[in-house]
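Before any comments, here is the structure.
Only the coordinates and a few stated rules stand behind these numbers; no lab work does. The shown structure was predicted, so the numbers you read here are calculated from the model rather than taken from an experiment. In this analysis, Cβ positions are derived from the backbone assuming ideal geometry, glycine residues included, and neighbour counts consider all displayed protein chains.
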Amino acid sequence: MRLSRPLGLSLIGATLGLTLIVALASYFRRRKRRKTIRQISSVQSTKVSTQTSTESSRTQIRGGTPNADTHSSHNSLADFKILCRTPLLGSTSSVDTLTFSQNLDTTGLSAEQLCELGIDNLKTAMAHWEEAIEKLVDRDDRTDGCMEHQLPQHLRQILATCKRVQQIYEERVYSTLSTHIAVDSAILSLAELDRAYTEGRSRHSSLISGSFDDASSDIDSFVSALDMADLSDLEEQIEYQQNLSGDEQLALYEAALLELEHGSVPFRTLRTGMVNCSSDTEFLAKLHCIRLAMEYMFKDADTQEWFIESGKMLLSDLLVKADRDPDDFEVAFDDMMSYVKDPENLQSMNDELHARGVKMLSFFDVVIDFILFDSFDDLENPPSSVIAVVQNRWLSNGFKETALATAVWSVLKAKRRLLKVPKGFIFHFYSLSEHICPLLAWGFMGPESELKELCVFFKDHVLGFMRDVFSNARVRYTTVEAMAEDILLLSRQRFADISTKLAS
């Protein structure tokens, strides 16, 4: 179909005009992109001054110096930052928006780090909105109230909501993450300690086996005594005891000094100061006497049963006093006693404890030194992860107690995984500790309370009992029989005192 001449000219003109418009639009878009690139370079070169200006604006709004949270939020801009300039509402100028963004690879970040990154960026946004409110108010003042008033109001409402979100985060999420971090730290620290201990034992065993053909426990103990104990006053004490006469003579103690002279008193840890001994010589000689007396004392089945039932009763009463159900503890305690009483487990138990430095299977070496005294040492120097939980001022006492119990259970669970002997003595000991250790840890390290008073009272009586046992004034170091009688009498007295305190 042929078009008339006027209509053909019109179509040609329209086509040329449309082509020109598209070309001009493309040209201006390219100019705008080049302009944007130049502006981005300018923003990057002045980033430090921009951060300083933002910090100064927040100081003016709050009437003080910037806090640590603001500083940390600006540090996070090095990884993830969005700068945005938007024209004010009511402005007649054309839209001129500059956005600068740098993609942050979060694949390598942990959940805790992502949470912190999120809260940091929220704080950064709040800082920008506060600065925007200040500029809006300043513009309103200079334009005699002609500006739109709704935007500052909306921003203030958003800021209030964000502050509530920040508060909820710190009260709930952050505290939970802190507990998880503390538990992880405790488990890692435990692994390091166990590895160091294993390496130390390996080196020590290799030294002994390289010097002696028969690496027996007696030789091991003799080498340890020579390396660690100060026996410089041994000859002096032997001479002093030999010069005593009549009732002043301590025949059993003198025999122990002679035994020590030949280097046959093994030990795991020197407790010289803890039991108020004047020297390592006195401690080791009396330790030898105490082992003999306790061995004689526990030959009596009734005495054995009394100690078992007394210990079970004291710890159960302590749990009841702290509003805990003692049933699970009592089951674990009975299981442990059944294991200990079985003669078939004696060699396995000896191997387990010897690997941990326990030299002899005596009441003092296992119960007093390895279990109680080591626990007191740990309470004097708790792990940093536990201190972080207990001293966290953002957490309530109830949450701290739960977090501390979780940390203790996690550590015991990790240690149980490292056991070489399944269902052995240490396994039963850890099962028992799961019920009593969280209570004692919170009692000793928690706030002032009746539970803390009871725990301190219990510790003082255990230390007082052992100091009495190591004292010449309270125990007769003359014969094994006389010494065993005195130790049993002191035990009954201390048990009566603690029971009276728990009953009150």
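Numbers for the structure displayed
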{"item": "Total charge dipole magnitude, segment 213-503, about the Cα centre, Cβ charges on Lys, Arg, Asp, Glu only, Debye to nearest 20", "result": "1380 debye"}
{"item": "Debye log10 I(q)/I(0) for segment 440-502, one point scatterer per Cα, at q = 0.12, 0.21, 0.23, 0.25 Å⁻¹", "result": "-0.38, -0.81, -0.89, -0.97"}
{"item": "Rg over Rh, two decimals, segment 271-389 (C-alpha only, Kirkwood Rh)", "result": "1.00"}
{"item": "Loop-located chymotrypsin sites (Phe, Trp or Tyr not before Pro) in segment 321-412, at most 15 other Cβ atoms within 10 Å (DSSP)", "result": "Trp394"}
{"item": "Radius, Kirkwood style, for segment 392-504 when every pair of distinct Cα atoms is counted (Å)", "result": "17.0 Å"}
{"item": "Segment 338-428: radius of gyration and largest Cα-Cα distance (Dmax), Å", "result": "16.4, 52"}
{"item": "Equivalent-ellipsoid semi-axes of segment 213-503, from the Cα gyration tensor, Å, largest first", "result": "35, 22, 20"}
{"item": "Rel. contact order, % - alpha carbon contacts under 8 angstrom, at least six apart, segment 213-503", "result": "24 percent"}
{"item": "Relative packing of 256-269, 442-455, 281-294, which averages over residues the other C-beta atoms within 10 Å, highest first", "result": "281-294, 256-269, 442-455"}
